[in-house]
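Contents: one structure, followed by commentary.
Only the coordinates and a few stated rules stand behind these numbers; no lab work does. All figures in this text were calculated on a predicted structure; none of them were measured in a lab. Don't worry about glycine lacking a Cβ; one is built from the backbone with ideal geometry, like all the others, and counts go over all protein chains shown.
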Amino acid sequence: MLNVFGNYVFIFGAFGFPEWGVAGVALSTVVSRVLAMIILAVLLYFRLEVSLRLERFLQAGTEAYGENSSYRYSLRRGAALL
């Protein structure tokens, strides 16, 4: 719901915000996903009594990001060669 509201605000410039178009949609999506991640982490920590080790969490995320980034880079380079 936050993403839909943010899209409306940034596409049409509602409530005094500027009309940002596609860049505003991207910003709205990033903000809503970061907030969802924070809420999920808080729920996991308090409801399931799981202790989050930030080092392990960031390490796993960094490895996944690196793999995804290298794959996308290779696809772009391959497409550029064609």
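Classify the stretch 1-50: rounded, prolate or oblate, from the alpha-carbon gyration tensor (a ≥ b ≥ c, eigenvalue square roots; a/c under 1.5 rounded; otherwise prolate if a/b is larger than b/c)?
On the way: a/c = 4.70, a/b = 3.33, b/c = 1.41.
Here the stretch 1-50 falls in the prolate category.
Based on other C-beta atoms within 10 Å, arrange Phe46, Phe10, Phe5 from fewest to most.
Details: Phe46 9, Phe10 22, Phe5 13.
With the fewest neighbours first, Phe46, Phe10, Phe5 line up as Phe46, Phe5, Phe10.
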